[in-house]
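Where a number appears in this text, it was derived from the coordinates with a stated rule and is not lab data. Remember, it's a predicted structure, so these values are computed and weren't measured experimentally. Using ideal geometry, Cβ is built from the backbone for each residue, glycine included, and neighbour counts are taken over all protein chains shown.
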Amino acid sequence: MRYGYLLVNFFIGGLLLMAGCATVPPKPDFEDDYSWVARPESVSRPVDVFYVYPTIYVGENPPNMDISDPGLRKNAEGLLTSQAGVYSPYANLFAPFYRQQTAATQSMEPNNGGRDAFADPLFQTGYDDVERAFDYYLEHLNPDRPFILAGHSQGSMVVIELLRNRLRDPALQKRMVAAYPIGYTVKQADLDTYPWMKLAQNETDTGVIITFNTQGKNAQGSPVLLDDAVAINPLNWKTDGTPADRGKNIGAVFFNDAAGEVLERIPHFAGAYIDTRTGALIATDIQTPESESIDLVNMGRWPAEVYHRFDYAFWYNNLKENVKKRIDAYLAEQNP
């Protein structure tokens, strides 16, 4: 999902027609550096992060992103700082380009209108790219190092699908430090169906999932917060409704995402608690940014107080600290 754009609704029949008639861009070739947003020439850390960027493509045709588009490539590179910068200080960063589904065909209905967004052929085109990239990564770029899976929004959908499909392998389960599919719903049904998918229970457990969707207490109708959602609070690392005041917020960092430029840093920006009824992460006592470029009121195509755009920004330094803690805990477990 992408933020700041007008709501566009399509009937399912129209979606299928578009998928069937529009030209699909060529598949990325992951042997080629051109198909990677980030692929280090050498590794210097004992752990990797495999990061999948959120929706950055909003055009109507083709319905899937062309990875050769210069503006989109630059936007993806900006997200290596504004989101993947949470992970990259402590992990070797790998991030593939992929033919993601355009925002123009994504439903903005509450609960995604009750439909399964993962089943959309347009989503599956992008997912197939990332699965191929992940398999190439495992075979040629990381035969044995531990790794983190991370994403946001549509990128998190991809991570969730990877967890369901590729992490069936017990050997890969042992190598996964944690997964951070932030900004899309992991359901309790996922945890029940796929026993290797486990929600984190504290700030240092490993082989677990860290997930949440940020909202205000009056938000209604998010398309990314689905029924049966689970979450963990990035301020106190609890999965119940225990509130954390903003004193626990090390600092928010707001970016111009496309450029990867910092707009403002705000210590103790907001508190948070989990709404145990909906599974939403509710931001509380939100401070007002000084930068006019940070608008917390007008959410574009997103409903009021659905802070999807800021899932990383609100809790940036807490997430960054947590990544290091989980890596340290994982390495200590492997080398007691």
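Within region 283-303, the set of residues being touching a residue at least 40 places away in the same chain (Cβ under 8 Å), at negative phi and surrounded by fewer than 23 Cβ atoms within 10 Å (Cβ to Cβ) comprises T284, I286, Q287, I294, M299, R301, P303. A single entry from Y98, Y180, Y184 fulfils the requirement of being more than 30 Å from S42 (Cβ to Cβ), among the aromatic types (F, W, Y) and in contact (Cβ under 8 Å) with a residue 60 or more places away in the chain: Y184. Scanning region 105-123 for residues that are crowded, with 20+ Cβ neighbours inside 10 Å and either under 16 Å from D257 (Cα atoms) or among the small types (G, A, S) (or both), we see that the one that is farthest from the chain's Cα centre (by Cα) is S107.
Identification of strands (runs of 3 or more DSSP E) wholly contained in region 249-303 with 3 or more residues that are touching a His at 6+ places or on another chain (Cβ under 9 Å), within 14 Å of A313 (Cβ to Cβ) and not aromatic (F, W, Y) yields no element.
Scanning region 259-297 for residues that are more than 25 Å from G221 (Cβ to Cβ) and β-branched (V, I, T) yields V262, I266.
Looking at region 145-207, the helices (runs of 4 or more DSSP H) lying wholly inside it that each contain 3 or more residues that are under 22 Å from K320 (Cβ atoms) sit at 154-165. Scanning region 304-336 for residues that are assigned to a loop (DSSP other than H, G, I, E, B) and touching a residue at least 12 places away in the same chain (Cβ under 8 Å) yields A304, E305, Y307, D311, Y312, A313, F314, W315. As for region 128-146, it holds at least one residue that is surrounded by 24 or more Cβ atoms within 10 Å (Cβ to Cβ), touching a residue at least 24 places away in the same chain (Cβ under 8 Å) and within 15 Å of the chain's Cα centre (by Cα).
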